[in-house]
1. May I ask you to evaluate 6.51 cos²θ - 1.76 cosθ + 1.60, the Karplus curve with θ = phi - 60°, for each residue of the stretch 17-26 and list the ³J(HN,Hα) values in order in whole Hz, giving x for glycine and proline?
2. Keeping every protein chain in place, order Arg40, Arg27, Arg20 by accessible area at 1.4 Å, biggest value first, i.e. largest first.
Amino acid sequence: MHQPEPPPSLAPHIPADAYRRAEATGRPVVIVQTPAPAPRRSPGRYLVPLAVGTGTALGVLGVVAAVLALLQFAAETVAVVTGVAGPLGIGGITVKLARNPRD
């Protein structure tokens with residue numbers, strides 16, 4: 001009697017004698033397959049988020065620098081105006097913007 005070969009749907013790495021022995025004894029055939037390694041990611045998958053994050057960080061630093069420069073300019077302008085203007089009066093109310101150190 002001719003023994004049939006393992007069906008083609010089974011993994012090709014199962015030896016024929018192990019298949020025949022399992023078929024004769026009625027034991028199940030256990031197939032252990034190791035998963036294929038995950039495909040490597042291309043550098044572009046890392047480069048795009050890195051570029052976006054770097055651009056965002058530089059943009060935030062630029063905005064912070066602009067705000068600080070504007071605040072410094074405003075503070076210097078207030079200092080100059082208070083030093084030059086002296087007391088301001090509107091409708092009978094006089095306000096002295098800065099104290100004279102000699103007063």
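1. Running phi through 6.51 cos²θ - 1.76 cosθ + 1.60 with θ = phi - 60° gives 5, 5, 5, 5, 5, 5, 5, 6, 8, x Hz.
2. Per-residue accessible area, sorted high to low, gives Arg40, Arg27, Arg20.
The values are calculated or read from the model by the stated rules, or taken from the named source; none is laboratory data. Nothing here was measured: the structure is a model prediction, and the numbers come from that model. SASA here: full protein model, heavy atoms, side chains in, ligands and nucleic acids out. Shrake-Rupley method; radii C 1.70, N 1.55, O 1.52, S 1.80 Å.
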